[in-house]
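The structure appears below as structure tokens.
Derivation of every value follows stated rules applied to the coordinates shown; laboratory data play no part. It should be emphasised that the depicted structure is a prediction, and the values quoted were computed from it without experimental measurement. Counting neighbours? That spans all protein chains shown, and the Cβs are built from the backbone with ideal geometry, glycine included.
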Amino acid sequence: MGPGSGGWGRPLLTVATALMLPMKPPSSWGAQIVGGREVRPHSRPYMASLRFQGQHHCGGFVLQDRWVVSAAHCLSHRDLRKGLVVLGAHDLRAAEPTQQVFGIDAVTRHPDYHPVTHANDICLLRLNRSAVLGPAVGLLGLPRRGARPPAAGTRCRVAGWGFVSDFEELPPGLMEAEVRVLGLDVCNGSWRGLLSPAMFCTHSGDSHRRGFCSADSGGPLVCRNRAHGVVSFSGLWCGDPRTPDVYTQVSAFVAWIWDVVGRGGPQPGPLPGTARPWEGAP
Ligand SMILES: *[C@@H]1O[C@H](CO)[C@@H](O)[C@H](O)[C@H]1NC(C)=O
Ligand SMILES: *[C@@H]1O[C@H](CO)[C@@H](O)[C@H](O)[C@H]1NC(C)=O
């Protein structure tokens, strides 16, 4: 089981669970990014690991030296005072000199995030100090505000440190899979009409299973060197073509993102919709 997930409810599996898809036994659950490969260390310097109680929980990407973008569902039922963001990592188990570790200063979940449908599944984390940018820690750009998601068939890449087993073993390093954008109507059909606006999907585009899996949530889908998607949810069986991988469409949130970041200057007051780590924590 993923950390903190009760019963079947791995964060990114919620919708599949609601659909009562065939369930496989827990012992066969889990894989890292499926059908992918380990990337060259630090070749994706924008990747962030969001960690609770010492364990990798979700991915994210660095937008600015104080700001990381992730998925809103990653923060459900979490005590943010115990959250850490790790940048500059490749092997999360190793004490890599490139790693920079941060506390979380403030979190802004999208105000219209809906935990059941996963609509607007995006959040911004403000780090408690600025990251030092360099070869191992760098920024990832956003798509143009309001741009359509990449056309069906576009090749994109999704990366993450999702677990390699149910015993919460980490992969040897950051994993990545190349996937293709799937037409929204086809995807919505596969999901029996459950998709909301500002979501889009990928599939492997061939007979192999490729995509994201548990604990890859929050990580970016990179198309033409921009973060077009944030990993949101998938089916119970990772890489299953019957339940294509679903992402938050970042271009629909660009205006919101810059609005939050713009208001979050050096000495900000509490932002609307912003939970401070010490507020509302269990
Ligand atoms: C940021 O948070 C980390 C982890 O909680 C802590 O070790 C560090 O002292 C904090 N730094 C600042 C500048 O508050
Ligand atoms: C998915 O299909 C349902 C049912 O036809 C529809 O109500 C919904 O708007 C569709 N979602 C998207 C994003 O097109």
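For residue 182, the residues 5 or more places off, or on other chains, whose built amide H falls under 5 Å of its own are 153, 201, 202, 203.
Amide H contacts under 5 Å for residue 238: 30, restricted to partners 5 or more places along the chain or on a different chain, H placed in the peptide plane at 1.01 Å from N. Coupling constants for the range 116-133 follow from the phi torsions by the Karplus curve (6.51 cos²θ - 1.76 cosθ + 1.60, θ = phi - 60°), and in residue order they are 7, 7, 6, 4, 6, 7, 8, 8, 10, 10, 9, 6, 7, 7, 7, 6, 8, 7 Hz; glycine and proline get x. Fewest-first ordering of 132, 179, 39 by other beta carbons within 10 Å of each residue's beta carbon gives 132, 39, 179. Remark: the range 155-251 carries a charge dipole of roughly 440 debye about the Cα centre, counting +1 on each Lys and Arg Cβ and -1 on each Asp and Glu Cβ.
Separation of the range 81-133 and the range 218-233 by C-alpha centroid, Å? Each part's Cα centre sits 15 Å from the other's.
Among residues other than residue 172 with Cβ under 9 Å from its Cβ, the summed charge is -1 (Lys and Arg +1, Asp and Glu -1). Each of 114, 57 was scored by other Cβ atoms within 10 Å of its Cβ. Listed from fewest to most, they are 114, 57.
Using the Cβ-Cβ distance between residue 185 and residue 147 with R0 set to 25 Å, the FRET efficiency from 1/(1 + (r/R0)^6) comes to roughly 0.85. Summing charges over all other residues whose Cβ lies under 11 Å from the Cβ of residue 129, with Lys and Arg as +1 and Asp and Glu as -1, gives 0. Taking amide H atoms as placed 1.01 Å from N in the peptide plane, the amide H of residue 214 lies under 5 Å from those of 31, each 5 or more residues away in sequence or on another chain.
A simple rule links phi to the HN-Hα coupling: the Karplus curve 6.51 cos²θ - 1.76 cosθ + 1.60 with θ = phi - 60°, which for the range 216-232 gives 8, 3, x, x, x, 9, 9, 10, 6, 6, 10, 7, 7, x, 10, 4, 10 Hz, with x for Gly and Pro. Taking θ as phi - 60° and the Karplus parameters 6.51, -1.76 and 1.60, the scalar couplings of the range 171-181 work out to x, x, x, 4, 9, 8, 10, 8, 10, 10, 5 Hz in sequence order, x denoting glycine and proline. Stretching the chain fully between residue 132 and residue 76 yields a gain of 17.3 nm (0.36 nm per residue, less the alpha carbon separation). Of the chymotrypsin sites (Phe, Trp or Tyr not before Pro) found in the range 149-219, the ones in coil according to DSSP and having at most 11 other Cβ atoms within 10 Å of their Cβ are 167.
Here the gap between residue 37 and residue 112, fully extended at 0.36 nm per residue and compared with their Cα-Cα distance, gives a gain of 23.5 nm.
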